[in-house]
Amino acid sequence: MAEQPSPDEDDRDAATSGRLRALVDAGRTKVGAGRTWAEGMLERYRHRPLVDVALRIYERDREAAGTIVSSAIAFRLFLFFVPLLLFVVGVLGFFAELVSSKDVDDAGITGSIAVQINTALQQPTSTRWIAVVLGLVGMITTGRTLSKSLAAASCLGWRLPVSSKVSVRRIPG
């Protein structure tokens, strides 16, 4: 059975809650004052070239959703490198007679990746073909989405309308 809080505990909770609310209100007031001061300083020095360039870059990045677009490109690049590695390991498997585990170590590849590559070099020919075909198909599909993301980023960066198909003439060079 749960105990009922005593009146003294209720008073302490109310006092703690009141102090917390006062602390939050004081913090909001200070943040508002600091923001007003920073905006005033920014407007005072906005005509300076260095400040103006920094503000233009910041505003253009916000307008083009720079962090979202760069995250999308980084994710697509990661997804592209996974099938690329599969393709490369499959192709290396065909040259298993020429490539040894010592060559993998000499290339600076260590850890679990080196173990996986050494295992791939010892696989039968059918496994190599599967790795090459799956890697190639994966590179084609992920490369297509990567190129679309790059085209969208270019359109946003150059303030062009974003379309799914971009001709080479529209991309400034």
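The values are calculated or read from the model by the stated rules, or taken from the named source; none is laboratory data. The structure presented is a predicted model; accordingly, all values stated were derived computationally and were not measured. Don't worry about glycine lacking a Cβ; one is built from the backbone with ideal geometry, like all the others, and counts go over all protein chains shown.
Data overview
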item	result
Output for the stretch 51-90, where each listed residue is among the β-branched types (Val, Ile, Thr) and in contact with a Gly (Cβ under 9 Å, 6 or more places away or on another chain)	VAL69, VAL82, VAL88, VAL89
Every pair of residues 6+ apart whose Cβ atoms lie under 9 Å, when the first sits in the stretch 63-92 and is within 12 Å of GLY138 (Cβ to Cβ) while the second is among the aromatic types (Phe, Trp, Tyr)	GLY90/TRP129
Among the candidates PHE87, PHE78, residue that is aromatic (Phe, Trp, Tyr), in a helix (DSSP H, G or I), in the same structural domain as LYS148 (by TED's automatic domain parsing) and within 15 Å of the chain's Cα centre (by Cα)	PHE78
Criterion: over 21 Å from LEU77 (Cβ atoms) and in contact (Cβ under 8 Å) with a residue 40 or more places away in the chain - qualifying residue of VAL132, VAL137	VAL132
Selection count where residues are surrounded by fewer than 14 Cβ atoms within 10 Å (Cβ to Cβ) and touching a helix residue (DSSP H, G or I) at 6+ places or on another chain (Cβ under 7 Å), scope the stretch 83-105	1
Of residues in the stretch 120-129 being surrounded by 13 or more Cβ atoms within 10 Å (Cβ to Cβ) and over 23 Å from LEU79 (Cβ atoms), the one farthest from the chain's Cα centre (by Cα)	GLN123
Test: residue in the stretch 57-65 that is of a type in the set (Phe, Trp, Tyr) and surrounded by fewer than 13 Cβ atoms within 10 Å (Cβ to Cβ)	yes
Qualifying residue in the stretch 119-128 (condition: more than 30 Å from ILE57 (Cβ to Cβ), of a type in the set (S, T, N, Q) and in a loop (DSSP other than H, G, I, E, B))	yes
Subset of the stretch 47-98 [closer than 30 Å to VAL133 by Cβ, among the β-branched types (Val, Ile, Thr) and at pLDDT 90 or above]	ILE73, VAL82
